[in-house]
Amino acid sequence: MSDPADLTIAEAATALRSDDLTAVELLAAVRRRATMTEANIHAYLTIDAEGAEASARAADDAFASGDDRGPLQGIPIALKDNMVTRGLETTASSQILAGWHPPYDATVVTRLRDAGAVIVGKTNLDEFAMGSSTENSAYGTSRNPWDPERVPGGSSGGSAAAVAVGSALAALGSDTGGSVRQPASLCGVVGMKPTYGLVSRYGLIAFASSLDQIGPITRTVADALAVLQGISGHDPEDATSYRGELPDFGSQIDRGVEGLKIGVVSELSAEGTEPAVGAEFRTMLERLEGAGAEIKELSLPSTAYALSAYYLIAPAECSANLARFDGVRFGLRLDGETVEEMMGATRAAGFGPEVIRRILLGTYALSAGYYDAFYGQAQKVRTLVIDDFKQAYEQADVLVTPTSPTTAFKVGERTDDPLAMYLSDLCTIPSNLSGDPGISVPTGVDDAGLPIGFQVLAPALAEPLMFRVAKAVEDLAGFDARPALASSEGAA
Amino acid sequence: MTWEVVIGIETHVELRTHSKMFCGCPVGFGAEPNTAVCPVCLGLPGALPVPNEKAIEWTMRLGLALDCDITEHSLFHRKNYFYADMPKNYQISQFDLPLCVGGHLDVTTSAGDRRIGITRVHLEEDTGKSTHLGEGGRIGSSGGALVDFNRAGIPLMEVVSEPDIRTPEEARVYAQELRSVILALGVSDARLEEGSMRFDANISLRPEGATELGVKVEVKNMNSLRSLQRALTFEIERQTKILDGGGTIAQETRHWDEEAGRTEAGRSKEEASDYRYFSEPDLVPLEVTEDIIAGLRSDLPELPAQTRTRFEAAGVDAIAARVLVGGGLVSLLDEAVGSGATAAEAAKWLTGEVTAYLNREGSDPAALPLDGGALAELIAMVEAGDLSSTAAKQVLEGVLGGEGGPRDVAESRDLIQIRDEGALAEAVASVVAAHPEEMARIAEGDGKLIGFLVGQVMQATGGKADPRRVSELIRESS
C-alpha cells in the first residue's frame, strides 16, 4: 500500500478496520513523515511520542475487542499549541508560557481522546494566534511545504503544514479572522471554521472571545466533516456554546449544486486579488455553473469596513484576555521591586511585538474618551456586517470568495508592514464578525506551483449546505497534488 | 458656616451559595489557602466563566426586598485593572445594565424615620486575598505578598445607596438594617469580621442649603458597624476643620485606622479610574421575564420591618424588637411563642441573658444548643415557681453550655425550688426559733427584718426555698 501517512481519514478508517493497518503502524508512518519534514517546515513545537504511542496501542486494543468509537479512532491528529493539553507543554507560541504544563485538557482534546484519536503533538502558530504567517511565533517560523521560502499562512500555519505533508492526518486550528481557512488555502488543504458556538472554546487560549472558533484542517471535505462531528456539540463549561439541536452536518454532502444559488461578493473578489487567484476563482465559478448552480453577483457594502472593525474588536478583547499573563500564577516571571514592575517586566519580555501592538491598540480603543469612536463604532459596523449577510442569504444559498487574495508570500515579505499582513484576512474576516461558518477547499495551483483556495460561506448552522457545496467544489476541481517532500528516504 | 453632611454607602456582600459565581469551586471560609480553586477562578489560559443561577436569583431577591426594579435585559461587563489578587486582571462585574435599579430602605434613628434611596444592586465576582509580608526594611528581599485565591470568584453583590445619608448614626442604622434584610433573605452570613459584608463610604460636606455636592472622600477599611460610625464622625470633624479654615478637601481615598481612631490618606498608588468597561463576550445577556420576577417576589420571606411590626403587635417593645431582628433571634422567639411562652417574656430573656451570652462567646444564634421550646420550658418553670429568677439564669447558662434541657439542668444542678409546704414550714420554723429577737421586732412592725430572715432560710436551704412563700410563712409566724 502507499505510505499510510498519505491516507485520508476515510481511507485510514477502512484500513484500520481490516487487517491492512494498525493504529500503531499508522502512527509510526506519520512520525516517520514528521522526522523527514520537520527540518524543512517546522510544523511542530512538541511531539508527544509516549502519549501518542499509548493512545495508538489503546486504539488497537479497542478495535480488537470490538469497541469501535467511530471514524476518528486510531487517527493521528495534531493540535495547534493554543489548546491546553494536560501535562503536555502548551505555549501559544509565546515565551510567556515557555514550559507551562496545563493542569487540564481543553474540551476538544477530551472529545478527541474519547473518540479514540491519537494526539501526535502541538503545532506552531503565530503567537497567541495573532498573525497570518506564523512569523510571529516565538519559536521560529513554520515553512510552506510547497516552497519553504514561503510562509504556510497563519495563525494555524503549523497545523496546515503538518496536514499538507502528512505528519498528521488531520489537525485542529483556531480561526478568529481566518486563521484556519487562510493557512489551509496557502498549504493546499481543507480548512473549516464552524458556526460560532458549535465547538467549545473551553481550553482554547483566548485571543478574541466573540470571534474565536476551533476548526478542522484536513486533506478532504469528508474528513473535515468527520472531525467536526467528533468535536462539536454543547459544552456546559462554555457559556457561549450552542444549546439547540444540531443539524446532521453531512446530510446533504453528496447532493451536488444543481439548483443552488451561489452568491459572489463583489467587494471581496476584486481588491488586491492576485491575477492567478482571480482566474482560478472564475474558473471554479464556471464549473459550478456547468454543474447546475446559478451564479449571482451580490454587494455587501459593509464588508469594506469589516477589516477595520475587526482590527478594533479583536485587539480590544485580546487586551483583556491577555491581561492574565502577569507572572503571578503561572508562566514566565521576571522580578521587580514592586508588583507593578514585576508584571511590566514579565509582559515586556514575554510578549512579542505583534502581541504588544494589539494589546496597546485594544487598550486604546477601549479607553475613556475613545470607546465610542473606536470600539463602540466597530461594534456598530459589526451589526451592519451581520445585517448585510442576512440580506445576502435571502438572495443566495451560499456565498463564495477566494479564501485569500494571494497565494503564499515569502517569509519576511510583509513583516515590516502590519497592515499589508492584515489584508491577508480580507475575505475571511467578515464571517468571523457574523459568526457564520466557512470552509476553504484547494482547487489548483498558480504558475509557481502554489496552492489556491476557494471559500464557501453559509448562514449560521447551515453546515450541511456548506459541506454540500464544498464537496461539489472539491469534486469539480479534482485537486490531488501533494507538495514534494524532502528526499531523505535514507533517514527514515 | 453650617455644613450639611452627604454620605453614600457602597456595600459588598458575599453570597453563601454552594459554589462560586463562575465555576463549581465551593464557597467557604477558613480553608487552607489555594485549595478551593480551579482553572476558571485561577484565571488560567483557556478557562471560561459559567454563571451561577442561584447567585443571580438571590441578587434579584435582594433587589425586590429593597423595592428595586429588576432589569429585564442585564449584562455582565469586564472591569479591567491589574492587581496581584485579580486572577484575570479584569473582574466580571456589571456596568450600565445592573440587575436591580432604583429602590429604597427605610431606617429609624434617634432623629426619626428616613427613607434612604438605593441606586442599584449588581452582581460581580470577588477577588483573591493578599497578605502583605513584613513591612519596613527595604534592604534585600524584605517585603512581598502572599495571595490566596480561595475567595476569588465568590459571588459578590454590590449595593449602592443614594447619597441620602446625613449622619454617622444614620449610616450605622442603614448598614444594620441592610444587614438584617440580607440575613432575613438567607443569602449571606453578612459577617463583618469575616469580610462577608464590607462597607465603603463616600462622604462630602456642603454649605447648608446648597444643592451641589462637595468634594467626595472615599473611606475604606471599616470592619464593624461601630467603626463605620466612628470613621464617619472623624471625617466630619476633619473636613469641617479644613473647610472652616478656608481650605479645600482633597478628593482621595482614606483608610480608617480603628486603633488610632483616625482616617489616613491611602498609599498613593495610581488610581486606575478608567476601567475600560466592555460587555463580557464569554457570557450571554441575562433575560429576566415577568414570570421569574413574580415568582421571586411571591417567595420573599418576611422582611425585618415586617417582623418588627409583628413583634410589637404581640407585645414586644420597639427596642427589644430591633435587637431581636438585628441579632438573628427571630426564629428563637417565634419558636418560644409557638411552645407557649408570651412574646414579651421570651423577648426579655433573648434580649437579656441570651444576647449577653452571644456577645461574650462571640457565638452565632443559629449554633446555640438552646431552641425556642427549651426557652419556653424555662419560662414556664419560673412562672410555676420551680425556679427562682436567679436559679433560672444559672439553668440557662447550663443549657447554653450544652448540659441538656432546662429540667435536666435544673435537676442535675439541684436548683429546683422547694415548694413543698412541709419542708418550707420546717425550714422556716428552725430559723424563726433561732432568731427570737428579730421575730419580736417583726411583730412590732419592722418589715425589713423579714428580708434578713428570708435570707437565712435561703442559706439554710442552699438557695432553693421559694423566697415568696418563705416570706409569707415568716409573716404568719410573727
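Only the coordinates and a few stated rules stand behind these numbers; no lab work does. Keep in mind that this is a model prediction, so the values were computed, not measured. Positions of Cβ are generated from backbone atoms using ideal geometry, with glycine treated the same way; all protein chains shown enter the neighbour counts.
For the reader, a short list of remarks on this structure follows.
- Rough spin-label spacing in nm, given labels placed 7 Å along Cα→Cβ, for A:SER299 and B:HIS255: 6.3 nm
- Over chain B - Rg/Rh using Cα atoms and the Kirkwood inverse-distance radius: 1.11
- Cysteines without a disulfide-compatible neighbour (Cβ-Cβ under 4.7 Å), the protein assembly as shown: A:CYS187, A:CYS318, A:CYS427, B:CYS23, B:CYS25, B:CYS38, B:CYS41
- The orientation-averaged projected area of the convex hull spanned by the Cα atoms of the range A:245-290 comes to 5.0 nm².
- Cα centroid separation - the range A:325-391 against the range A:68-89, whole Å: 30 Å
- Charge dipole of chain A (Cα centre as origin; +1 on each Lys and Arg Cβ, -1 on each Asp and Glu Cβ, all else neutral): 480 debye, rounded to the nearest 20.
- Overall form of the protein assembly as shown per C-alpha gyration tensor (a/c, 1.5; a/b vs b/c): prolate
- Range of Cα positions in chain A per principal axis (Å), largest first: 67, 56, 45
- Residue by residue, the range A:304-310 carries 3J(HN,Hα) couplings of 5, 9, 4, 4, 5, 4, 4 Hz when phi is fed to the Karplus relation 6.51 cos²θ - 1.76 cosθ + 1.60 (θ = phi - 60°); x denotes Gly or Pro.
- Of interest is the spacing of the C-alpha centroids, which for the range B:1-60 and the range B:101-120 amounts to 25 Å.
- Judged by the gyration tensor of its Cα atoms, with axes a ≥ b ≥ c, the range A:183-255 is oblate; a/c meets the 1.5 cut and b/c is at least as large as a/b.
- Label separation (B:LYS54 vs B:LEU146): 2.9 nm, computed from points 7 Å beyond Cα along the C-beta direction.
- Listed cross-link partners B:LYS348/B:LYS448; A:LYS193/B:LYS54; B:LYS88/B:LYS216; B:LYS88/B:LYS220; A:LYS390/A:LYS471 are compared with a 32 Å cut-off, the Cα-Cα value being larger for A:LYS193/B:LYS54.
- Here the 3J(HN,Hα) profile of the range B:450-462, calculated from phi with Karplus coefficients 6.51, -1.76 and 1.60 at θ = phi - 60°, is 4, x, 4, 5, 4, x, 5, 5, 4, 4, 5, 9, x Hz, Gly and Pro shown as x.
- Taken about its Cα centre, the protein assembly as shown carries a charge dipole of roughly 1100 debye when the Cβ of each Lys and Arg holds +1 and the Cβ of each Asp and Glu holds -1.
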